[in-house]
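This report refers to the structure that appears directly beneath it.
The numbers here are math on the coordinates, done by the rules we state, and not lab data. In this text, all values refer to a predicted model and were calculated from it rather than measured experimentally. All Cβ positions, even for glycine, are placed from backbone atoms using ideal geometry, and neighbour counts span all protein chains on display.
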Amino acid sequence: MSEQHERLAAHERLSTGALASWMRACASHPWRVVVAWLGIIAALIVLVATVGGSLKDQFEIPGSDTQRATDLIEAEFAAEQGGVLNLVFAAPEGERLDTPERKEAIEAAIAKLKTTEFKTIGPDERAGLESVGNPFSENTFSDDGRIAYAEAQFDRVIYDKDREAVLAVQDSVREAVAAAGVTVEFNGDAEFPPIEQGTQELLGLLAALIVLLVVFRTLVATAIPLALAIVALMTAFLLLFILAGLTEINTITPLLVSMIGLGVGIDYSLFIVTRFRQLLHEGLPPRDAAAEAGASAGRATIFAGMTVAISVTGLAFFGMDFITKLGIGSALGVLTTVLIANSLLIAVLAKLGHKVDRLKVPFLRRVDDSDEARERTLIARWGRFVTGHAKAVFAVVLVVLLALAGTSALVRLGASDQGTQPKEQTARRAYDLLAEGFGAGFNGPIPIVVDVNGDEGAAQRVYDGVQGLPGVASVAEPQFNDSKTVALVFVTPDSAPQDEATGDLVHRLRSDVAPAATEDGDAVVYVSGLNAAFIDIADRIMERLPLFLLYIVGVTFIVLAMAFRSIVISLTAAVATILAAFVGFGVLTLVIQEGYGMGLTGLDKTGPIETFVPPIAFAILFGLSMDYMVFLMSRIREEHVHGLKTKEAIEHGIAAIGRVIVAAAIIMATVFSAFILTSDRISKEFGLLLAVAILTDALVVKMTLVPAFFKLMGEKTWYIPGWLDKLLPNITIEPPHDSEVTTPVPVVRPEPSEA
């Protein structure tokens, strides 16, 4: 096709409608848009300074035994609500702690913690210590004399803002005992290392930079998606901390915002910038090219962002506030990216114009974005191979994906304990020492809460019922509150907190011990603790999973049917995305739970998958993976609407957008993979799961399985019942035009050359 014909065709296909008008306004008045966004960001900064809040970890499971027990403990044992820091002392292998020199050093360290320096110094100051235990008592000193511990209780629950007070205690104790050859490590609910951010984001940006340089071959074009992602991420963080001032937001949320925000920010702008450059090369002036890129590729990002928002709102069906807020927080990066990409990015592109192709990267040939050049690329040849061998490709790929997805059946949901954290963390080393000195179950005692209700013997019956129960290492005498209305019975399992046997013990306590202790009275018994909490979370998730899936699949089906006017495409997108998600879950199970290749993640001990990871990851993944379906099918549909048959539209669409989808998937997966480098196990799980699922979805499902299936379906790909077509609003991803090309555009296939 000649340059003149390309220019004419581009002008004929200019979009109309409200979105196109908005894009033209942004492109025509770029400085107004830039100033408006500077004002918005300044206003958000002011709001953060005035109403912004800090992050807190709050896990509530309304209506569960665990929550009822927690509420009783908070109401009746107020003096014990402060955070606890375990000081775990250890002598060298084969030696004892109670030698005169070591005992004197440890006792001096404890005495210093009881001084005014570490006491409570006011409700608005840092957290202070209320009490410190004796590490040389009968219950805190190991039988072999090598390991001992003391509980240091703070005057309040410890949050990020109290971290310095915790570190001050740790530094003081380490300094006091080091000269005596005593090792000291720390764990407990007061010891949680802050989730470090910065390194993984920089690594993700570096990887994205390399991929973008290969895609665009110019420094200016490469810099635009990176700059937009950073601006969108900063805006999302401002919104997050404003939200934290209005409600409680968990400490892991910023990591999800970074992970999703960076990946989506780069990907969405990559699609729009690519479309802009293609239109420039087809002869459109910069202003028209920017507006048209927003009306077409930008329109697709809006639909893609909608699918993420829909998926995330579905988390509310589980009825657990912390899960809902984790999802909402992770969606902030997507929403800010959509808004900025479809306003600020369009303005910047219009202002840059042909300067977007400046500063060519040495040693790389300039990209030819003409139709003829795109048909010669490797990805175009792959598209023709898939459509040319559709039956075989579809069968082989489907079998392989089903086999990988089937490994997700091995998953065991639960709560991993500190024994699975990296050994670089003091909490892991303290965990190992306590397990060695006091038994595997010492790190995870199971609290049983007895609401007496006039039945004074209920707590003793619970204690007696636990005695000799299989899986119990020891049980403590009941501890009553001051009014003797509530009692605590602590059960120490003989298995580690994350072991399946510990979960079985929780079930036995609930099904056998509790009913037997309360059958003749009005007392109520609640089995609590970390294992019980995750069991309750799992039960709630399984109970409401069908409603959750029905919502996100159903609403997304309607949105995609509305966008593409085809129920075949909508159903295929839903099924294909679920398949990619289960492949991700399967690989996560094989690595984290079964241990295959686990060393690459920085972990050295297997454990269950955290109960809340699958629903949150599925909601995020369902939205993100729909992005590639939207971007691919919007281009294929655009070719089909303008006259090509389905087979040719698939081939031409893959040639036009496939290279960008592959690059976008690699960028997003690399950003996710960078979070495997964090020290936090849950962050590693999210990073690994999402990276594998995104690569599988984009490269295997969307670029191979789906095109093969649509080739087999032929023109039935676009089927929609007449009644549904009339019922659905006429909102499509293909933007409206003043004139449509009604004759097929010939697809030129020159001789193959290097991609």
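Below is a table of values for the structure above.
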quantity	calculated
Proportion of all alpha-carbon pairs of the range 84-187 beyond 17 Å (%)	48
Percent of beta bridges antiparallel (DSSP, the range 84-187, rounded to nearest 5)	95
Anisotropy class of the range 495-551 from Cα gyration tensor, a/c 1.5 cut	oblate
Backbone HN-Hα couplings from phi across the range 495-501 [Karplus 6.51/-1.76/1.60, Hz, Gly and Pro as x]	10, 5, x, 7, 5, 4, 5
Two-site label geometry, Leu47 and Trp31: point separation in nm, points 7 Å out along Cα→Cβ	2.8
Cα lying deepest toward the dipole's positive end in the range 84-187, options Phe89, Phe186, Leu129, charges on Cβ	Leu129
At R0 = 45 Å, FRET efficiency that the Cβ-Cβ distance of Lys114 and Asp520 yields, to 0.05	0.45
Ranking of Phe89, Phe241, Phe618 by count of other Cβ atoms within 10 Å, fewest first	Phe241, Phe618, Phe89
The range 364-495 - Rg over Rh from alpha carbon coordinates, Kirkwood radius	1.41
Listed residues Trp718, Met703, Ala473: farthest to the positive end of the dipole of the chain (Cβ charges)	Trp718
Beta bridges per DSSP with both ends in the chain, % antiparallel, nearest 5	90
Degrees between helix 163-177 axis and first principal axis of the chain (Cα, 0 to 90, nearest 10)	50
Net charge of Cβ neighbours under 11 Å - reference Leu315; Lys, Arg +1; Asp, Glu -1	+1
Inter-part distance where the range 634-680 and the range 509-550 are each reduced to a Cα centre, Å	45
Computed lengthening from Arg412 to Ser679, 0.36 nm per intervening residue step minus Cα-Cα distance	93.9 nm
Burial ordering of Val157, Val486, fewest other beta-carbon atoms within 10 Å first	Val157, Val486
Mean projection area, nm², convex hull over Cα of the range 261-393	11.5
Leading residue at positive end of dipole, the chain (Cβ point charges), from Ile73, Phe548, Thr492	Phe548
The chain: angle of helix 681-695 to the longest principal axis, Cα-based, in degrees nearest 10	20
Phi-based couplings in Hz for the range 603-611 (Karplus 6.51, -1.76, 1.60; Gly and Pro marked x)	9, 10, 9, 6, x, x, 7, 3, 4
Rounded FRET efficiency, nearest 0.05, which uses the C-beta distance separating His389 from Asp482 and R0 of 56 Å	0.15
Sites Ala227 and Ser54 - FRET efficiency at Förster radius 25 Å, r taken between beta-carbons, to 0.05	0.30
Local electrostatic count at Leu712 - Lys and Arg +1, Asp and Glu -1, tallied over other residues with Cβ under 13 Å	+3
Fewest-first ranking of Phe276, Phe77, using other Cβ atoms within 10 Å as the exposure measure	Phe77, Phe276
On Cα atoms only, tilt of 530-564 relative to the major axis of the chain in degrees	10
Cα-projected label distance for Leu727 with Leu213, points at 7 Å along beta-carbon direction, nm	5.3
Structure-derived percent of Cα pairs over 47 Å apart: which label, when the choices are (i) 30; (ii) 44; (iii) 17	(i)
Fully extended contour minus Cα-Cα distance, from Thr99 to Asp504, at 0.36 nm per residue	141.7 nm
Built amide H within the under 5 Å cut-off of Glu60, gap 5+	Asp321, Phe322
Gained length - Glu107 relative to Lys161, 0.36 nm times residue gap less alpha-carbon distance	16.6 nm
14 Å beta-carbon shell around Ala176, net charge (K/R +1, D/E -1)	-1
5 Å-binned pair-distance histogram of the range 464-580 (Cα, whole percent)	2, 10, 14, 15, 11, 9, 7, 6, 6, 7, 6, 5, 2, 0
